[in-house]
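To keep things clear, I will list the structure first and then write my remarks on it.
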Amino acid sequence: MTSRPAMLSQEYRQILKTCVPHMGGPASRRLGAALRSMVAVLGIGSVVAMAGMLTPETARADPALVSAPRGVAVGGHDVVAFFQDGTAVLGQQTHAILWHGAVWRFASSQNQERFELNPRAYAPRFGGYCAYALSKGYLAPGDPALWVIADGRLYLLNNPSALAAWQAERQALISAAEGRWPKILRK
């Protein structure tokens, strides 16, 4: 027979595997501590029952702050590599974390660590949505093949025409996009 603490540990591990399969590093340790606290205070049965009460009618998601088709930010590209290598590099599943509701992949453990230490320094401005589209008042996904670093921020665009316009009128378009972000997500 398995002891109660061992049973809780097994159930806790199963919850982590089910809920957060792509987390790693400090973020997963913080979530793990939060889940352990919930289980300690409420008991595993209560935590599982609360999760079971969430239905499409009761669980309302906030607007997506990050453009992440299929749950993966920036098309799986390593955002640190844009700054470090000056190019778009695909990340690996073995170097991934969950941040702002999306999976972020990295080409190396060093890049993952850099991101974990300061994600806002590397994450694309406007959540990876096309900065040009946002400046014009609509949302479109950003394309990691069409990017610009300006004033220390990564901006994604979604087509060559948007990239050309962005480069010609960058400051005015940044101001327009800043004025719409994040309110545009609530439209």
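Taken together, the values in this text are just the output of simple stated rules run on the coordinates, not laboratory data. Since the model is a prediction, treat every value here as computed from it, not as a measurement. With ideal geometry, Cβ positions are generated from the backbone for all residues, glycine too; neighbour counts draw on all protein chains shown.
Taking other residues whose beta carbon is less than 12 angstrom from the beta carbon of Leu154, and scoring Lys, Arg as +1 and Asp, Glu as -1, yields +1. Sorted fewest first by neighbouring Cβ atoms within 10 angstrom, Trp166, Trp104, Trp99 come out as Trp99, Trp166, Trp104. Counted by neighbouring Cβ atoms within 10 Å, the residues Val148, Val72 run from fewest to most as Val148, Val72.
Would you order Ser135, Ser175, Ser108, Ser67 from fewest to most other beta-carbon atoms within 10 Å of each residue's own beta-carbon?
Ser175, Ser108, Ser67, Ser135
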